[in-house]
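Reading through the structure tokens given below for one structure.
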Amino acid sequence: MPDGEVEVTVAAAEKNQQVARVINALSELEKSSPEVLSFKTEEGIQLIKIKDIIYIDVSENDLLIYTKQELMVTKGRLSKVLERIKNTNFVQVSKHAAVNINHLDRLENSFSGSMLAKLSQGNETMVSRRYVKKLIEHLGV
């Protein structure tokens, strides 16, 4: 199956209202999750494929978006970007950062209960104590 694609099978003894609701909900989910986001930068408006985003970080007044190809600097709030992404593969790992778990290589123990997230392309970010449990649950560990 190609990267980024998902196949879902719905099985039931008969097609009833419940099955129809499940199929409808899955269709709506697909419509609501964009593949590309646009951001204002100093150079203009830049488009980024969501699957290429490794992680997002906030530094002072800048929003830093690390992708496979580049580091993009824009303005905005982390919470607003996560609302726009609408993708369960993005998990907030601290007050200022969120990671795309498709780019998470491993988690290493750090000090005081926090962890270090090792990401693709040599990127890394801290997972604060407050968010460790949520990330581990999301990973199904």
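The values are calculated or read from the model by the stated rules, or taken from the named source; none is laboratory data. Bear in mind that the values here come from a model prediction, so they are computed numbers and not experimental data. Note that we place each Cβ from the backbone using ideal geometry, even for glycine, and neighbour counts take in every protein chain shown.
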Assuming S112 fulfils every condition listed in (1) part of a helix (DSSP H, G or I); (2) under 25 Å from P34 (Cα atoms); (3) modelled with pLDDT under 90 apart from one, which condition is it?
-> (2)
Which numbered condition K68 fails, given (1) among the basic types (K, R); (2) touching a strand residue (DSSP E or B) at 6+ places or on another chain (Cβ under 8 Å); (3) free of Cβ contacts under 8 Å to residues at least 24 places away in the same chain | (3)
Selected residue (criterion: farthest from N89 (Cα to Cα)) from residues of segment 112-128 that are in contact with a helix residue (DSSP H, G or I) (Cβ under 7 Å, 6 or more places away or on another chain) and loosely packed, with under 14 Cβ neighbours inside 10 Å = S112
Which numbered condition trips up Q121, out of (1) free of Cβ contacts under 8 Å to residues at least 12 places away in the same chain; (2) more than 20 Å from P34 (Cα to Cα)?
-> (1)
If the Cβ limit is 6 Å and pairs must be 6+ apart or interchain, which residue in segment 90-108 that is in a strand (DSSP E or B) pairs with which residue that is among the basic types (K, R)?
-> D105/K118; R106/K118
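Look through segment 83-111, keep the residues that are hydroxyl-bearing (S, T, Y) and either more than 8 Å from the chain's Cα centre (by Cα) or under 22 Å from N61 (Cα atoms) (or both), and return whichever of them is surrounded by the fewest Cβ atoms within 10 Å (Cβ to Cβ).
Here the residue is S110.
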